[in-house]
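For reference, the structure is listed below as structure tokens.
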Amino acid sequence: MLFRQLFDRESSTYTYLIADRTSGEAILVDPVLEQVERDLKLLKELGLTLRYCLETHVHADHITGAAQLRSATGCVNVVPEQAQVDCADRLIRHGETLHVGEIEVQAIATPGHTDSHMAYLVNGTHLLTGDALLIRGCGRTDFQSGDAGTLFDSVTQRVFTLPDSTLIYPAHDYRGQTVSSVEEEKQWNPRFVGRSRDQFREFMNTLNLPDPQKMMEALPANERCGNLASSPA
């Protein structure tokens, strides 16, 4: 398996390239519009065919590169079931699996940051947690139909129950951290350690965070999979 973690500095977003070396088929998870040329160049250099663009959720802090990548490569745009989009080629449900060559990518519903959030377990070892679980943190729950209690349940029941050795790869990091594990986050994540569900809800509901800078442009664009035109993709 080829696994690459790619970074967009402006939004602190991680995009993940996953590919089967034998077949040359690839998936990009959470692509960023401003990094489309970087991603296309890397695919070409590595001799890969992009089969899927896969979103963990409808992002509020950056515009996805999915529409441009679909136009350039013919890939299939996949978003979580129940996401408020009108552009997806395919919706993915909890427990459903995508295949690229011999690689399996299993969708795990982890709502709470948004109401249609998915994490993706790659070959049973690498978990792309989106914004549900960050390294020593978690995504906010105060807009996009987020709910703190639901996020607590998602993380404790569907992430922390995976094997301790499962590697955690989030959609963002703002401190330069790149990877963690289920074992580490169960032991050291200050949002969850020592907090009951009610205590977590109280904490999250009093964060009073500012809106993401790009939210007003990112949300409507991402409902069209990053197509900047006024009409749906």
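Where a number appears in this text, it was derived from the coordinates with a stated rule and is not lab data. Remember, it's a predicted structure, so these values are computed and weren't measured experimentally. Don't worry about glycine lacking a Cβ; one is built from the backbone with ideal geometry, like all the others, and counts go over all protein chains shown.
Points to keep in mind about this one:
- Rounded to the nearest 500, the helix-only mean residue ellipticity at 222 nm of the chain stands at -5500 deg cm²/dmol, with each DSSP H run of n ≥ 4 adding -39,500 (n - 2.57).
- Working note: Cα gyration tensor of the stretch 137-233, eigenvalues times five, square-rooted, sorted largest first, giving semi-axes of 28, 18, 13 Å.
- Only Cα pairs under 8 Å and 6+ residues apart enter the sum, and on that basis the relative contact order of the stretch 122-193 stands at 40 percent.
- Counting only lysines at least 8 places from residue 214 when in the same chain, those with an alpha carbon closer than 28 Å to its own are 41.
- Cβ crowding within 10 Å, taken as a proxy for footprinting-reagent exposure, orders 15, 114 from fewest neighbours to most as 15, 114.
- Mean sequence separation of contacting Cα pairs (under 8 Å, at least six apart), scaled by the length of the chain, corresponds to a relative contact order of 19 percent.
- Across the alpha-carbon atoms of the chain, the computed radius of gyration and Dmax are 16.7, 50 angstrom.
- Cα centroid separation, the stretch 145-223 to the stretch 19-53 (Å): 27
- Taking every DSSP bridge with both residues inside the chain, close to 65 percent are antiparallel.
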